[in-house]
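To start, the structure itself, in structure tokens.
The values are calculated or read from the model by the stated rules, or taken from the named source; none is laboratory data. Note that the structure is predicted; figures quoted are calculated from it, not measured. Heads up, the Cβs are rebuilt from the backbone with ideal geometry, glycines too, and the neighbour counts pull from every protein chain shown. Each accessible area value is taken on the protein alone, full model and side chains, heavy atoms only, with ligands, DNA and RNA left out. Shrake-Rupley method; radii C 1.70, N 1.55, O 1.52, S 1.80 Å.
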Amino acid sequence: MTPESELTTSESTQPIATFLVFRGSAEEPQGFQEFKVPVEEGMVVLDAVHYIQQHFAPDLAVRWNCKAAKCGSCSAEVNGKPSLMCKTRMDALPLDEPVRVSPLKAFPLTRDLVTDVSWNYEQNKRITPFTPKDENTDAWNVRQEDVDRVQEFRRCIECFLCQDVCHVVRDHDQKDAFVGPRFLVRLASLEMHPMDAADRIPFIKEEAGSGLCNITKCCTEVCPEHIHITDNAIIPLKERVVDRYYDPVLWFLRKLRGKA
Ligand code: SF4
Ligand code: SF4
Ligand code: FES
């Protein structure tokens, strides 16, 4: 694509960062377009993208909302790493080389930095929602540690950075067999909920595809909410699947009851 952007004279004393921003859509030519952006103290990548929109490319498509790392909208890849643009500080990037900003690779491109993440919402709909226990039992007396355990999972902002980085979704395109780490987190939050009565273990094994995760922990590394996705959500779910299906004693008892 044609390089674009000239800075005004008054801005020329500031440090300048070179950005390579992905442009295009399925119907339009695709490639990286170069922009020069003056860097200010405290600036994040989303500020630079807004500068580019304001000064050079008003039609640059980008999704954002809170600019506070809480809505999960501004997910993109910065120098190839799935990141929230509003949380990625310019002073944390090497500015002696261009900063590459591209859309999430795991999902279909809508335009420029915007992808169609609707597949994720379809996965969410497949999960049995919270199903409360009978309120007339004393099971409603819960331990604080059981409450604390699921609170971690509720921090998820649905940025889908974990979905983007997961090689099962991203490189092997096994979206038909694996719901991805974000929805294993949701399943864990429901399965470990002390007040929930539903049984999602068969779904976790057969449809969510828990066995396809090989615990690389890449999802945990990119989570902006620092959820311990692999250790606290996925591994315990895998253990529950093993207990249900591969424990020989339990398997024999289920066989006797005609449920194996
Ligand atoms: S740990 Fe599992 S879910 Fe997370 S990125 Fe690796 S394969 Fe995907
Ligand atoms: S688990 Fe973390 S990385 Fe994944 S969608 Fe939620 S907040 Fe984003
Ligand atoms: S704009 Fe809301 S998370 Fe970045």
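Here Arg126, Arg154 are screened, and the one residue that is within 21 Å of the chain's Cα centre (by Cα) and free of Cβ contacts under 8 Å to residues at least 40 places away in the same chain is Arg154.
Pull up segment 221-236, narrow it to residues that are open to solvent by less than 20 Å² (accessible area, probe 1.4 Å) and more than 16 Å from ligand 3 (Cβ to nearest atom), then point me to the one that is nearest to Ser75 (Cα to Cα). Ranking the qualifying residues of segment 221-236, first place goes to Ile229. Evaluating Pro202 against the criteria (1) more than 11 Å from ligand 1 (Cβ to nearest atom); (2) touching a residue at least 60 places away in the same chain (Cβ under 8 Å) leaves one unmet condition, (2). When only residues in segment 49-88 that are basic (Lys, Arg) and over 13 Å from Leu113 (Cβ atoms) count, which is farthest from ligand 2 (Cβ to nearest atom)? The selected residue is Lys67. Here Cys218 meets each of (1) open to solvent by 20 Å² or more (accessible area, probe 1.4 Å); (2) touching a residue at least 12 places away in the same chain (Cβ under 8 Å); (3) more than 13 Å from ligand 1 (Cβ to nearest atom) with one exception, condition (3).
The condition of being crowded, with 18+ Cβ neighbours inside 10 Å and away from ligand 2 (no atom under 13 Å from the Cβ) holds for only one of Val117, Val101, that being Val101. Note on segment 149-184: residues that are more than 16 Å from ligand 3 (Cβ to nearest atom), of a type outside the set (D, E, K, R), part of a helix (DSSP H, G or I) and open to solvent by less than 50 Å² (accessible area, probe 1.4 Å) total 9. Test Leu212 against the stated conditions and say whether it is touching a helix residue (DSSP H, G or I) at 6+ places or on another chain (Cβ under 6 Å), of a type in the set (A, V, I, L, M), more than 17 Å from Pro129 (Cβ to Cβ) and surrounded by fewer than 19 Cβ atoms within 10 Å (Cβ to Cβ). Yes; evaluated as a whole, the condition is true for this residue.
Val101 meets the stated requirement of being over 30 Å from Leu190 (Cα atoms) and within 16 Å of ligand 3 (Cβ to nearest atom). Against the list (1) surrounded by fewer than 21 Cβ atoms within 10 Å (Cβ to Cβ); (2) within 12 Å of ligand 2 (Cβ to nearest atom), the condition Leu190 fails is (2). For segment 123-133, does any single residue satisfy the condition of being among the aromatic types (Phe, Trp, Tyr) and either in a helix (DSSP H, G or I) or open to solvent by 50 Å² or more (accessible area, probe 1.4 Å) (or both)? Within segment 123-133, one or more residues are among the aromatic types (Phe, Trp, Tyr) and either in a helix (DSSP H, G or I) or open to solvent by 50 Å² or more (accessible area, probe 1.4 Å) (or both).
For segment 237-249, a tally of residues being surrounded by 14 or more Cβ atoms within 10 Å (Cβ to Cβ) and either modelled with pLDDT under 70 or charged (D, E, K, R) (or both) returns 3.
Table: residues versus (1) over 28 Å from Phe19 (Cα atoms); (2) among the polar types (S, T, N, Q); (3) more than 16 Å from ligand 3 (Cβ to nearest atom).
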{"residue": "Pro58", "(1), (2), (3)": "no, no, yes"}
{"residue": "Met90", "(1), (2), (3)": "no, no, no"}
{"residue": "Lys125", "(1), (2), (3)": "yes, no, yes"}
{"residue": "Asn141", "(1), (2), (3)": "yes, yes, yes"}
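Looking only at segment 77-94, residues that are out of contact with any Lys or Arg (no Cβ under 9 Å at 6 or more places or on another chain) and not in a helix (DSSP H, G or I) come to 6 in all. Every listed requirement among (1) away from ligand 1 (no atom under 16 Å from the Cβ); (2) open to solvent by less than 20 Å² (accessible area, probe 1.4 Å); (3) in contact (Cβ under 8 Å) with a residue 60 or more places away in the chain; (4) not polar (S, T, N, Q) is met by Ala57 save one, (3).
Please work out which one of (1) part of a loop (DSSP other than H, G, I, E, B); (2) open to solvent by 50 Å² or more (accessible area, probe 1.4 Å) is the condition Glu145 fails and give its number. All conditions are met except number (1).
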